[in-house]
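Q: For reference, the structure I am asking about is given below.
Throughout, read-outs are computed from the coordinates displayed, never taken from laboratory work. Just so it is clear, the model here is predicted, and its values are computed rather than measured. Virtual Cβ from ideal backbone geometry, glycine too; neighbours counted across all protein chains shown.
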Amino acid sequence: MAEIGKDIERPLGQTLRPQRKTSRGIGSGSLIAVLAVLGVIGVSGAIALRERPFRKPEEVAVSTPKVSAEAAPAATAAPAPTPAPMAAAAPRASTPMKSGGPQVIHVQTEEGDGPPKAAIVIRDPSTLGQNLKVAHIPDRALIEAGDTGPLPIRGADGRRPFDVYARPWSGARGARVAIVIGGLAVSQTGTQAAIAKLPAEVTLAFAPQGNSIGRWMQAARQNGHEIVMQVPLEPFDYPKVNPGRNTLTVSASPDENLKSLHWALSRTTNYTGVMNYMGARFSGDVSAMEPFMAELGKRGLAYIDDGSSSRSVAPDLALKDGVPFVAGDTAIDAVQDRGEILKKLDSLEATARAKGSAVGIGSAFDITVDTVTSWIAEAKKRGIEIVPISAVAIDPQKG
């Protein structure tokens with residue numbers, strides 16, 4: 001009825017229109033949406049204006065303790081220029097990271113005890129071996145202070161000098177020849193020529209009586225050579241036949257021989273093992289060799305027997321004490337003649353093809369260095385791989 005009354009009062013000719021809502025309020029849903037948009041814009045602006053920490057991803061990687069082992073390089077990375085704040089924040093090499101993860105260490109590129117002048121190296125303790133670009137730099141974790149100088153030692157994480165200072169090789173199963181040239185550091189000019197001329201795959205052995213061994217060690221390692229330390233052992237007819245200063249003898253006490261051994265070991269660093277110099281009598285005496293070989297096992301070093309004595313007890317003792325062991329097959333330069341040396345090298349090649357590997361031992365005579373250098377160039381063309389001495393060692397710790 002109310003609707004009829006309104007129709008009577010309405011002027012003729014006009015129709016009823018729907019009534020409009022006069023409220024201008026905004027719904028709660030729309031208000032929330034507007035506020036959300038404004039919030040996003042505000043946060044984006046704040047992020048854009050503030051300092052961006054992810055501009056330097058290398059700093060994040062270094063300072064994050066949970067970097068996985070897979071993220072670290074397979075071998076020690078070559079040092080690269082590093083921003084000053086990053087170098088200052090990195091821990092020292094003597095500060096191991098927790099959980100056995102990658103370790104950030106400083107690399108000292110120049111001699112001295114000052115602050116590092118290169119950047120950092122990220123090292124995964126599960127990886128072994130040393131980048132050739134920093135191979136001349138001793139690993140402080142593998143050095144023990146001795147009475148006569150630095151002594152090699154196993155690292156707290158189990159790494160051995162034998163592993164860390166080994167030169168990389170292909171790992172292939174083809175014919176392999178390892179050649180060790182000894183007597184380095186005795187003649188300055190001869191040493192310089194040997195380091196410069198011999199291919200990097202040739203292993204160099206340093207005589208402890210030599211001069212400037214530390215400098216020559218660095219030069220050899222910078223050129224890519226693996227090195228070993230020669231130790232004078234008593235031969236028959238000693239002292240008429242004398243290997244030199246601090247010779248280990250069968251008549252000396254174990255402590256006296258260890259003192260002489262430590263003197264030889266402390267002459268330089270960065271070597272994978274020791275090789276006898278003479279020593280036919282000493283290497284055949286079990287009571288003399290036992291403490292000698294046990295010390296090498298304790299320090300993580302290999303023993304290279306030059307193969308000159310068939311009476312050597314070194315193979316059995318090396319197995320017992322966990323010492324990586326290599327025996328030479330041929331003395332390549334017993335006769336100082338190019339033709340004779342080439343015959344010995346060809347014999348090594350034949351042995352390597354038959355057995356998989358062969359080891360030749362020589363000295364740093366000019367004719368030996370020149371002949372070996374030219375022979376290796378040809379042997380590589382015939383498919384022979386020249387490998388460091390560590391590549392053919394029998395390692396009891398690796399089964």
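Q: Tell me the label-point distance for the pair residue 342, residue 311, using the 7 Å Cα-to-Cβ offset, in nm and rounded to one decimal.
A: With each label point 7 Å from Cα toward Cβ, the separation is 3.8 nm.
Q: Another question, then. Once phi is turned into θ = phi - 60°, what whole-Hz ³J(HN,Hα) does the Karplus curve with 6.51, -1.76 and 1.60 give for every residue of segment 160-166, x standing for Gly and Pro?
A: 3J(HN,Hα) across segment 160-166, in whole Hz: 10, x, 4, 7, 5, 8, 6.
Q: Now for a separate question. Quick one: which residues, 5 or more positions from residue 131 or on another chain, have an amide H under 5 Å from its amide H? H modelled 1.01 Å from N in the peptide plane, none for Pro or chain starts.
A: Here the answer is 76, since their amide H atoms fall under 5 Å of that of residue 131.
Q: Find the Rg to Rh ratio for segment 164-398, where Rh is the Kirkwood radius over alpha-carbon pairs and Rg uses the same atoms. List each step's numbers first, then the result.
A: Details: Rg = 16.6 Å, Rh = 17.7 Å.
Computed over Cα atoms, the ratio is 0.94.
Q: Something else about it: Just to verify a number: FRET efficiency for residue 378 and residue 157, C-beta to C-beta distance, R0 = 51 Å, to 0.05? If you can, show how the numbers build up before the last one.
A: Working: r = 42 Å, r/R0 = 0.83.
After rounding to 0.05, the efficiency reads 0.75.
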